[in-house]
Structures are given as structure tokens and as C-alpha cells.
Amino acid sequence: MAQILAASPTCQMRLAKPSSIASSKLWNSVVLKQKKQSSSSKVRSIKVMALQSDNSTINRVESLLNLDTKPFTDRIIAEYIWIGGSGIDLRSKSRTLEKPVEDPSELPKWNYDGSSTGQAPGEDSEVILYPQAIFRDPFRGGNNILVICDTYTPAGEPIPTNKRARAAEIFSNKKVNEEIPWFGIEQEYTLLQPNVNWPLGWPVGAYPGPQGPYYCGVGAEKSWGRDISDAHYKACLYAGINISGTNGEVMPGQWEFQVGPSVGIEAGDHVWCARYLLERITEQAGVVLTLDPKPIEGDWNGAGCHTNYSTKSMREDGGFEVIKKAILNLSLRHMEHISAYGEGNERRLTGKHETASIDQFSWGVANRGCSIRVGRDTEKKGKGYLEDRRPASNMDPYIVTSLLAETTLLWEPTLEAEALAAQKLSLKV
Amino acid sequence: MSALADLINLDLSDSSEKIIAEYIWIGGSGLDMRSKARTLPGPVKDPSELPKWNYDGSSTGQAPGEDSEVIIYPQAIFKDPFRKGNNILVMCDAYTPAGEPIPTNKRHAAAKIFSDPSVAAEETWYGIEQEYTLLQKDIKWPVGWPVGGFPGPQGPYYCGVGADKAFGRDIVDSHYKACLYAGINVSGTNGEVMPGQWEFQVGPTVGIAAADQVWVARYILERITELAGVVLSLDPKPIPGDWNGAGAHTNYSTKSMREDGGYEVIKKAIEKLGLRHKEHISAYGEGNERRLTGKHETADINTFLWGVANRGASIRVGRDTEQAGKGYFEDRRPASNMDPYTVTSMIAETTILWKP
């Protein structure tokens, strides 16, 4: 009700001329019987929503979903997206706006029922949404949009689960801003069969052959769920997300996409929107998305969110020295970073399966068993970027990106600590 | 088969001026919707251009067999999102051949209230939040719920996304666009707290048009669920126990409430509503006592309580209304199966016309 919309006119009833009426046959609906899916669970049949039926009926729901509203109205639909009480669950709801919008500043703030997401008590339940970034809506098309928001109390304070506000502060710090921090984030994720919570393509009650053939693999016995990865890729490109690539991962049913390079706070916005698109797509496909860092115990890779990072100084001549100094700083704050790098990461960072053990900080060139890896071309050119391999797939990109900037640009260790660490890591800085 | 699809989607505008008008009315239970179609010689802009019609009231529990004709008067036109082109949907209300509104016709009395000069002058705005539940066909268990069992407890589903949290989004999204196309003032949608439950909002709309739009939006929703093979339920408490019910919260404001000093007008209006709590409750939907328990974001049915930002109250006033000193309030009591003609006109009557 906050918007002033033009009210529809009241239609008055008027007497009409006597009509000549033919027979008043009741309209007979053609009841469209959808063919049920395989006899398995009834839950499967919910996919009828977007399904082609095979008999003489057509899918009119699909034509409504794909309706292009532009010819008959300027109004657009905006899907406001926010992060819920667990810090990893995404929520969204939509509203109509009078006309297309270019910039988040043109969008009204909104609110939602925080008591239903574990973010407010029932007697004072309103949580306010501030629009922060706009993307095009690949599901609704036209001028319809997705809006990434963060969350505030009515008094204007960020609520505890709002990690964006603090990150935005860090990224607008002069020192950080001048260094133009770039982030390339490699989001790994696992697809699960619904109801059984077992990975897609895996035999229920059993395991597939050991890891080896699956990484970037192709073929029906090696690659499971490519349609989701490919649909997601195009959806992100359409939406305006800075998606830079995809690949099949080492564990079968696991995939990765990369977002970047993005500057500053954008990285977090783009990754969260990409996660939203991914969960909408898996919802349509009837599979379950998990960002758990170690979905299957044992000799199976976990899922991470390696974060590639560089500053202006690192990208210029002599940058390799700046990178080494940054690594030094990171080594002295290892525990602070680890505690902010995702719940459950200790099940993943074991020292095996291309990870470094969780309580050891290490770095190396081209070494995938390290906390921080520096690429061979960075070493050769003497400038480039570093890859922090510690973050888990369920990390919050606002926290990780801003913490990297803070530790390497704003935080200074004592000289002693620095000297000791340099020795330990054999870093001459 | 493409032949049938081609026929259903046939664009007649090149070959004929004629249009199809789907006349819609409310049946004998007060909640069931009925419709039938007729051909008209050319496109139509205003309900006054449409002929009255009639139907077999004995087949809808609205007339005896020996005198079965019920007359329908066209009241509002919307574009037909299923037939497209110049074809239309026509919302009607029902009368005896002598011109008297039949008992299930709640629109007639509502129209009287809205044409009262004091009410009309106040430009009553309504924003109605229609909640509904989707059920699997044949077994009447919510969509997405395992048959013979329950999903995980409420928490992840409100505005949720993902195959394990959102069941039936295609229906919601196609309904949104269909309503925009039809000319209904749909202002938003969201997934609800109980899985398989959704909500759409219509408004702000002035006077009787609000209810016309809600009824046609319900009709379009039921046409879409028919296509999708699921069952629409407007029952206020579809699953007993620790599962949210379904309501139709009605947001309301008058010209005085929207102007400076409006907050005082709001408080007076809420006071009056408090004095007529029982009358309102009895008109707010069958079965509401199963829903208004004091739990699950409701106020108990025998209690009248209001508060700012309080979702456990009968009437909730938003924080921004309190801060701005003007705005609107939300009556959270109506059930999802309420008749919007009754509810909207009753709120206007109590707050503007009634003297305690």
C-alpha cells in the first residue's frame, strides 16, 4: 500500500437492452489430464507445472509463464532477494513497479516478516530491505528484474545476519578503494536427488566408481547434471552476472562456476545472485542444491569456494613482492579467516583431497595442497594474483572478500610477528 | 498434438470481428466460481455494452427446478489471458428475474455502501493479500508433501527457493503475468510459511473494484491450477497442527487516513472495529475458528488486539505509518475463503458510517 497506484475506476451497473439468448449451455471445460511421471513418488508429479504433456493437450501454463507483457503494460515485476536467518538460505518475493528501472536508487525500500525467517520477534516483526544491485530476470524476461537487497531494522541498523553492510564500509575505505581489489570466485556445488539426499547420478544405496574420470568429464557414465550447469551459465549471462566459466568437478554430481573478476562489493552481489539463479533452476529441474563443504564422507572431494584476489599493486610491475607481503599478513590471521570461511569447513580441510589441513597455513606456487596458491604465470611475470583455497562452498562472499581486503590492506602486524612469520614461510619481504 | 494447440491459440482478429466473452459468477456455496462463454458481435470496452444473461440456478443450488433462471448482470471487464486477442472475462452478479439480488449475491449490498456519499468521498483503498494452498489431485494432500507423511517443520519455506522448499512456483508466476495481462491490479506474490502455500496481493484499488479484481484473480488462479493438474484450496486451515493457516489480510485506508493527522483517524477507526469484533468475525469466512487460535501469527478469534508491527494482533499498523503519522492499517482477521465484497464494504461501513 506504500505505493500510490492509479486506482481502478468503479464500474457502475447499467440496464442493458433485452438480449436474445440462445441456449444457455454450460461451458464445458476440457479437463487436461497430465500424464503422471514414473510411478515413483507423487512428489515427482509436481514437475507437471513446466512439463510438456504428451497427449492432445498443450501446455498453456508455459505460454503464460513466457508471456511478454511489454506490448500491453509498462509495468514490471521486481523480485527482491535477501539472505535469511541461517546466513545461507536465500529468500525472495516479488512486487509490481510502474515502469522499468535502471538503478537501485530508483527502487523503493521494502519489508518482510522477519519472524518467519528467524530474524525478528513476532511482536516486532518488520525487517526492512534496501535494494543494492539489479540484474535482469531470466525467468520472466522483458524488463523484469532481480534485486539483491540487504536487511535493516526499522531504525536503520543492519541486522546481525547482514554481512554486506560491514563489507561495503571496508570497500569504501580510501586505501582499499584506491587499490581496486579484484575477486574471482570459484563456486563449487553438489546436486542431490530429491527425497533421498544422495548425489545426482549416484546409485541409491551405493557408490559410483572412484574419483578420476569425472573432473571435466563427458559421457553418461561420467557427467551428471550438465543441463543445470549450462542453463545456469546462460541465465547468469542474461542476468548481467560476471560469470567467467564452468566445469565438472572431481566428485561426480559436483560442479563449479566462476564469477569474476569483479571489483569490491560487486563480487559478493554477483555471487549471491548467481546462487539464487542456481537454486531457482534446480527447483525447476527437481533436484536439490547443496552448498555443504563435505557432502559425502570418505574418499570424495569436498566443495570449496576458492577466492582469487589481486590489488592494483599486485597487478603492476613488482607485484609479486606485494603478493608475498599479503600472504605474510594472511598467515598471521589464519584463525580469524578460517572462522569466517564457512560452517563445517573442518570436515573438508583435512590435508587430503586437494586441501591444506585446517590448522596449518601454507602457500606455494602451483600447489593445490596449500592454503594459498600462486599461479606459475604470476611467478614468471613477477605480478598477478593469489588464490585463497580455504573458503568453503557455503562461505559468505561479502565476509570473505572484505576480510581479504582488510587483512592485506588495512591491517598491520607488529614488526616482530612479521619477521617470525617471514622466516617460517621462507618469505623474503 | 499441435493441431489442437493451433486451434486453441487461433488468432481470430484477422478473420472475424467477433469476440468471446466468458461470463463469471459466484455459485451457491458463496465460494465456488462458475463461468460460461458466449459470442459477441464485436469488441467491447465497457460493461454497459454487454447484455445481461442467465444460467440454470438449479444446477448451482441457487434456484428451484421449476423456476430456475438466475439473471447475471455484467459488472466488470478484464482481458482474457487464455484466449487473448479481444476476448474478455466478465465478472457478474446474480439476480432473480424480478431484479432482486439473490441471497448469495453479496456485491449488490456492497455497491450500495460504496455509493454512499460519505464513503465515496473518503476514497477507500484496499490491498488484499490472498493466501491459498495447492493440493495434489485425488488425494487432497498439499503439493510437494510426501504422501502419507509430512515435510520438515516450517522455517525454510517462507519466500524460499529450491526444489526442497518451494512447491508450485510455476503456478504463481504464470498467475502473476496472466493477472497483469487481464488488467488486474496485482501488486506482488510470495511463497508462504507452510510449504505448498502461496500468496498474491491485489491493490491498492478503490471501492468495489477491489473485490471484483480479487474474484477474477481467484478465477484465473483456478483456471491455471486446472491446467496444471493440481487442486486449489481456499480453506483457512487446510492442515491441522503446527502448520500455518491461510488468510486474506485486508489492508485499508481512507483519504483522511492518508493525509496529515491520519494516524488519529486510524486509531479511531480501529476502536470502532473493536466494538464490532463479533459482527466482523462472523462475516470473515467459514471455518476461521480453526485458524485464529492465537498461534501461527494470528490473534485468537475471541480477542480483539491491535499493535504496531505485531503479527500476532487482529489489526496491525505498519512502522512507517506510525512514523509518518498517516497511512493505512491491516485487518489480519479475514480468512482466505472470505468474500471480498462483504469484507471490504463492512470495513468501510463500520469505520465511516457506523456510530457506536
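The values are calculated or read from the model by the stated rules, or taken from the named source; none is laboratory data. Fair warning: this is a prediction, and the values are worked out from it, not measured in the lab. Heads up, the Cβs are rebuilt from the backbone with ideal geometry, glycines too, and the neighbour counts pull from every protein chain shown.
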- Residue match in region B:309-322 (condition: farther than 19 Å from B:Lys237 by Cα, of a type in the set (Ser, Thr, Tyr), within 14 Å of chain A (Cβ to nearest Cβ) and touching a residue at least 24 places away in the same chain (Cβ under 8 Å)): yes
- Under 7 Å between Cβ atoms, at least 6 apart or on separate chains: pull out the pairs that start in region A:274-287 with a residue that is over 20 Å from A:Asp396 (Cα atoms) and end on any residue that is polar (S, T, N, Q). A:Val287/A:Gln193
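Provide a single number: the residues in region B:157-178 that are more than 7 Å from every other protein chain (Cβ to nearest Cβ) and surrounded by 24 or more Cβ atoms within 10 Å (Cβ to Cβ). Before the answer, list the steps.
Start the filter on region B:157-178 by keeping residues that are more than 7 Å from every other protein chain (Cβ to nearest Cβ), which leaves B:157, B:165, B:172, B:175.
Going one step further and asking which of them are surrounded by 24 or more Cβ atoms within 10 Å (Cβ to Cβ), we end up with B:157, B:175.
Counting residues in region B:157-178 that are more than 7 Å from every other protein chain (Cβ to nearest Cβ) and surrounded by 24 or more Cβ atoms within 10 Å (Cβ to Cβ) gives 2.
Tell me which residues, restricted to region B:299-308, are more than 9 Å from every other protein chain (Cβ to nearest Cβ) and surrounded by fewer than 22 Cβ atoms within 10 Å (Cβ to Cβ). Give the steps one after another, and end with the answer.
Let us first name the residues in region B:299-308 that are more than 9 Å from every other protein chain (Cβ to nearest Cβ), namely B:299-306.
Residues satisfying the conditions are B:Asp300, B:Ile301, B:Asn302, B:Thr303, B:Phe304, B:Leu305, B:Trp306.
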- Boolean, A:Ile134 is surrounded by 17 or more Cβ atoms within 10 Å (Cβ to Cβ) and either free of Cβ contacts under 8 Å to residues at least 40 places away in the same chain or touching a helix residue (DSSP H, G or I) at 6+ places or on another chain (Cβ under 7 Å) (or both): yes
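Looking only at region B:76-87, decide whether some residue is farther than 25 Å from A:Leu65 by Cβ and among the acidic types (Asp, Glu). Spell out how you get there, then give the answer.
Residues of region B:76-87 farther than 25 Å from A:Leu65 by Cβ: B:76.
From what is left, the residues that are among the acidic types (Asp, Glu) are none.
No.
Could we say that A:Arg275 is closer than 24 Å to A:Arg348 by Cα and within 14 Å of another protein chain (Cβ to nearest Cβ) here?
Details: closer than 24 Å to A:Arg348 by Cα: yes; within 14 Å of another protein chain (Cβ to nearest Cβ): yes.
When the stated conditions are applied, A:Arg275 passes them.
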- Message: With the structure loaded, tell me whether B:Val206 is more than 7 Å from every other protein chain (Cβ to nearest Cβ) and closer than 19 Å to A:Arg75 by Cβ or whether it fails that test.
- Response: no
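Of B:Lys326, B:Lys268, B:Lys272, which residue is within 20 Å of B:Val206 (Cα to Cα) and touching a helix residue (DSSP H, G or I) at 6+ places or on another chain (Cβ under 9 Å)?
Working: B:Lys268 fails: within 20 Å of B:Val206 (Cα to Cα); B:Lys272 fails: within 20 Å of B:Val206 (Cα to Cα).
Selected residue: B:Lys326, the only one of B:Lys326, B:Lys268, B:Lys272 that is within 20 Å of B:Val206 (Cα to Cα) and touching a helix residue (DSSP H, G or I) at 6+ places or on another chain (Cβ under 9 Å).
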- Can you name every residue in region B:139-148 that is surrounded by fewer than 16 Cβ atoms within 10 Å (Cβ to Cβ), within 16 Å of B:Pro238 (Cβ to Cβ) and more than 7 Å from chain A (Cβ to nearest Cβ)? B:Ile139, B:Lys140
- Item | Test set (1) modelled with pLDDT of 95 or more; (2) buried (at least 22 other Cβ atoms within 10 Å of the Cβ) - B:Leu227 fails condition number | (1)
- Scan of region A:57-100 for residues that are under 30 Å from A:Ile399 (Cβ atoms), more than 9 Å from chain B (Cβ to nearest Cβ) and surrounded by fewer than 18 Cβ atoms within 10 Å (Cβ to Cβ), ordered by number: A:Gly87, A:Ile88
- Message: Which residue is surrounded by the fewest Cβ atoms within 10 Å (Cβ to Cβ), if the candidates are limited to region B:179-203 and must be more than 7 Å from every other protein chain (Cβ to nearest Cβ) and part of a loop (DSSP other than H, G, I, E, B)?
- Response: B:Gly183
- Task: For region B:107-156, enumerate the residues that are small (Gly, Ala, Ser) and in contact (Cβ under 8 Å) with a residue 40 or more places away in the chain.
- Result: B:Ala109, B:Ala110, B:Ala111, B:Ser118, B:Ala120, B:Ala121, B:Gly127, B:Gly144
- Across region A:109-153, what is the number of residues that are within 11 Å of chain B (Cβ to nearest Cβ) and either among the charged types (D, E, K, R) or more than 19 Å from the chain's Cα centre (by Cα) (or both)? 25
- Of the listed residues (A:Pro71, A:Pro138, A:Pro131), the one being outside the structural domain of A:Thr282 (by the TED database), assigned to a loop (DSSP other than H, G, I, E, B) and farther than 18 Å from A:Glu283 by Cβ is A:Pro71
- Got a sec? Which of B:Tyr252, B:Tyr263 is assigned to a strand (DSSP E or B), of a type in the set (Phe, Trp, Tyr) and either under 30 Å from B:Ala121 (Cβ atoms) or within 9 Å of another protein chain (Cβ to nearest Cβ) (or both)? B:Tyr252
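Restricting to region B:23-37, give me the number of residues that are among the acidic types (Asp, Glu) and crowded, with 20+ Cβ neighbours inside 10 Å.
Going through region B:23-37, the residues among the acidic types (Asp, Glu) turn out to be B:32.
Right, trim to crowded, with 20+ Cβ neighbours inside 10 Å and you get none.
So the count comes out to 0.
If a residue must be among the hydroxyl-bearing types (Ser, Thr, Tyr) and either assigned to a loop (DSSP other than H, G, I, E, B) or not assigned by the TED database to the domain that holds A:Gln258 (or both), how many such residues does region A:195-242 contain?
The initial filter retains those residues of region A:195-242 that are among the hydroxyl-bearing types (Ser, Thr, Tyr), namely A:207, A:214-215, A:223, A:229, A:233, A:238.
Next cut, either assigned to a loop (DSSP other than H, G, I, E, B) or not assigned by the TED database to the domain that holds A:Gln258 (or both) only: A:207, A:214-215, A:223.
Residues flagged as among the hydroxyl-bearing types (Ser, Thr, Tyr) and either assigned to a loop (DSSP other than H, G, I, E, B) or not assigned by the TED database to the domain that holds A:Gln258 (or both) within region A:195-242 amount to 4.
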- Can you tell which of A:Thr378, A:Thr355, A:Thr350, A:Thr311 is under 25 Å from A:Gly212 (Cβ atoms), surrounded by 18 or more Cβ atoms within 10 Å (Cβ to Cβ) and assigned by the TED database to the domain that holds A:Glu188? A:Thr355
- Only one of (1) on the phi < 0 side of the Ramachandran plot; (2) more than 18 Å from the chain's Cα centre (by Cα) fails for A:Glu186. Which number is that? (2)
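One line per residue, one yes/no per condition, for (1) farther than 26 Å from A:Ile88 by Cα; (2) part of a loop (DSSP other than H, G, I, E, B); (3) at pLDDT 95 or above:
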{"position": "A:Thr307", "(1), (2), (3)": "no, no, yes"}
{"position": "A:Val322", "(1), (2), (3)": "yes, no, yes"}
{"position": "A:Tyr341", "(1), (2), (3)": "no, yes, yes"}
{"position": "A:Gly351", "(1), (2), (3)": "no, yes, no"}
{"position": "A:Ile358", "(1), (2), (3)": "no, yes, no"}
{"position": "A:Asp377", "(1), (2), (3)": "yes, no, no"}
{"position": "A:Lys383", "(1), (2), (3)": "yes, yes, yes"}
- Message: Restricting to region B:109-138, and then to whatever is at the interface with chain A (Cβ under 9 Å from one of its Cβ atoms) and assigned to a helix (DSSP H, G or I), can you tell me which residue is nearest to B:Met33 (Cα to Cα)?
- Response: B:Ala111
- Test: residue in region B:50-58 that is among the aliphatic types (A, V, I, L, M), more than 21 Å from the chain's Cα centre (by Cα) and either crowded, with 18+ Cβ neighbours inside 10 Å or at positive phi (or both): yes
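In the list B:Gly61, B:Gly42, which residue meets the criterion of being on the phi > 0 side of the Ramachandran plot and surrounded by fewer than 16 Cβ atoms within 10 Å (Cβ to Cβ)? First the steps, then the outcome.
Numbers: B:Gly42 fails: on the phi > 0 side of the Ramachandran plot.
After applying the criteria, what remains is B:Gly61.
For region B:268-278, enumerate the residues that are within 26 Å of the chain's Cα centre (by Cα) and either closer than 15 Å to B:Gly325 by Cα or part of a helix (DSSP H, G or I) (or both). Working first, answer last.
To start, the set of residues in region B:268-278 that are within 26 Å of the chain's Cα centre (by Cα) comprises B:269-278.
Within region B:268-278, B:Ala269, B:Ile270, B:Glu271, B:Lys272, B:Leu273, B:Gly274, B:Leu275, B:His277, B:Lys278 meet the criteria.
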- Note on the structure: Of the residues in region B:34-66 that are of a type in the set (A, V, I, L, M, F, W, C) and in a loop (DSSP other than H, G, I, E, B), the one that is farthest from B:Asn86 (Cα to Cα) is B:Ala63
- Item | Residue count, region B:209-237 (criterion: part of a strand (DSSP E or B) and away from chain A (no Cβ under 11 Å)) | 3
